[in-house]
1. So, in segment 156-178, exactly how many residues are at pLDDT 95 or above and of a type in the set (D, E)?
2. Give the residues of segment 1-28 that are assigned to a loop (DSSP other than H, G, I, E, B), of a type outside the set (S, T, Y) and over 22 Å from the mean Cα position of the chain (by Cα), sorted by residue number.
3. Whether any residue in segment 146-153 is at pLDDT 95 or above, within 19 Å of D46 (Cβ to Cβ) and in a loop (DSSP other than H, G, I, E, B) is what I want to check.
4. Could you go through segment 11-19 and let me know if any residue there is farther than 15 Å from A82 by Cα, surrounded by fewer than 16 Cβ atoms within 10 Å (Cβ to Cβ) and not polar (S, T, N, Q).
5. Can you find even one residue in segment 78-96 that is open to solvent by 60 Å² or more (accessible area, probe 1.4 Å), outside any loop (DSSP other than H, G, I, E, B) and not polar (S, T, N, Q)?
6. Can you find a residue in segment 167-177 that is more than 16 Å from the chain's Cα centre (by Cα) and among the acidic types (D, E)?
7. Here are I159, I194, I224: which of them is touching a Leu at 6+ places or on another chain (Cβ under 8 Å) and part of a strand (DSSP E or B)?
8. How many residues are open to solvent by 50 Å² or more (accessible area, probe 1.4 Å), among the hydrophobic types (A, V, I, L, M, F, W, C) and within 15 Å of N258 (Cα to Cα) when one looks only at segment 186-238?
Amino acid sequence: GTGEPDNPWLIYTDQHMNTIGLHEEDLDKQFKLMADIDLGNLGEDDFNIIGRYPWSFSGVFDGNGHTISNFRYISSDVNDVALFENVWGQHARITDLGLVDPVINVDSNELGNYVDPKDPNTGAIYGNSAGSLVNYLSREALLSGCYVRGGSISGDIWIGGLVSYVDQGKIENCYSTAEVTGKKYVGGLVGYQIRGTMTNCHTISNVTGISLAGGLVGDNDGTIQDCHTSGDVTCDSTAGGLAGNNKGTIKNSYSNGNVTGANDVGGLVGRSR
């Protein structure tokens, strides 16, 4: 292919997939997955993450109904880990792609008084963030028809089964069954959402955190509609079956999960303000 809409680059092998992240000049192009791919032959931190800051992926990745299995990234000193780090802009989209048994662990093994860069006045916990498919989804970028089946995602802050952090991004018809563990802003699908939308999504995930954990999203400041969750949520503070904390809108959604915590704990939402 040529990377153009009528002639996308065709991805057949693990090496094809691992080459995309090496060419920032092509991150606005079109790609189409042509076979199920197994990344299990790569080392624990050998995958070239796509759209690494200061670059971003603003093109189209059509999963074409195929899967990427055994994506692994294990490191205590690497931040913002996912298959795609930054997916940005109204023309950016990832569609019809499944991740099978990803294992991502960027837990720094520390719980320090780091400054949260999103809110420097809080003195909140800050550390390594991770999602499985996308770390940062922003500016009307779209995920549609994507899923995570099995595997585990763990880290420090902004940890999501599918996406770490959504800022004006859109997620529709997606789900995750991955186990998710973090310290703050931990969600079965998304760690943190601001001004974004999640529509017709669900999780069947166990989620474990210290603060702000939810079966779907750790902290929601966007719109959730027609979503549901099951699986257990365990978190010391601010835990909800659907959302740990809600500052946005939730419509026509529910949770069947068990929720356990010390304070601000709810079957649907731990805290709403």
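The values are calculated or read from the model by the stated rules, or taken from the named source; none is laboratory data. Since we're looking at a predicted model, the values are computed, not measured. Ideal geometry is used to build each Cβ from the backbone, glycine not excepted, and the neighbour counts take in all protein chains shown. Areas reflect the complete protein model, heavy atoms only, side chains present, ligands, DNA and RNA absent. Shrake-Rupley method; radii C 1.70, N 1.55, O 1.52, S 1.80 Å.
1. So the count comes out to 2.
2. Applying the first criterion (assigned to a loop (DSSP other than H, G, I, E, B)) to segment 1-28 yields 1-3, 5-6, 8, 12-13, 23, 27-28.
Cutting the leftovers down to of a type outside the set (S, T, Y) gives us 1, 3, 5-6, 8, 23, 27-28.
Result: G1, G3, P5, D6, P8, H23.
3. Yes, the conditions are met somewhere in segment 146-153.
4. Of all residues in segment 11-19, those farther than 15 Å from A82 by Cα come to 11-16, 19.
Next cut, surrounded by fewer than 16 Cβ atoms within 10 Å (Cβ to Cβ) only: 12-13, 15, 19.
Still in the running and not polar (S, T, N, Q): 12.
Scanning segment 11-19 turns up at least one residue that is farther than 15 Å from A82 by Cα, surrounded by fewer than 16 Cβ atoms within 10 Å (Cβ to Cβ) and not polar (S, T, N, Q).
5. Residues of segment 78-96 that are open to solvent by 60 Å² or more (accessible area, probe 1.4 Å), as a first pass: 88, 90-91, 93, 96.
Adding the requirement that they be outside any loop (DSSP other than H, G, I, E, B) leaves 88, 93.
Then keep just the ones that are not polar (S, T, N, Q); that gives 88, 93.
Taking every residue of segment 78-96 in turn, at least one turns out to be open to solvent by 60 Å² or more (accessible area, probe 1.4 Å), outside any loop (DSSP other than H, G, I, E, B) and not polar (S, T, N, Q).
6. Restricting attention to segment 167-177, the residues satisfying the condition of being more than 16 Å from the chain's Cα centre (by Cα) are none.
Scanning segment 167-177 turns up no residue that is more than 16 Å from the chain's Cα centre (by Cα) and among the acidic types (D, E).
7. None of the other options fit; the residue is I224.
8. 1
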